[in-house]
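Here's the structure we're looking at; comments come further down.
Bear in mind these aren't lab numbers, they're just calculated from the coordinates by the rules spelled out. Nothing here was measured: the structure is a model prediction, and the numbers come from that model. Using ideal geometry, Cβ is built from the backbone for each residue, glycine included, and neighbour counts are taken over all protein chains shown.
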Amino acid sequence: MPVTVDPPPPLPGLSSVGGKLLIARFDGGQLSSDGGLLALREVERRLGIADRLAACIDDPRSPERVRHRLAAILRFRM
């Protein structure tokens, strides 16, 4: 007889994507993990991790020659 386990509740408060509700759960079995990138992007946006980290780093570049802010570069690398 298989053991049934109640699925964990969805994480509340995530923004919709393309007009569809985003629900994060961890009981998907063999589903692709690529959808986790959307959740990580949401967490980074809400916490402002890249902006906060960029504020701690001295940017030696000439401001008039900067195309991409340091926070954007950090966000891309994350």
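General remarks:
- Site pair ARG52 and GLU64 shows an inter-label distance of 3.5 nm when each label is modelled 7 Å from Cα along Cα→Cβ.
- Potential lengthening between VAL17 and ALA39 on full extension [0.36 nm per residue; Cα-Cα distance subtracted]: 6.9 nm
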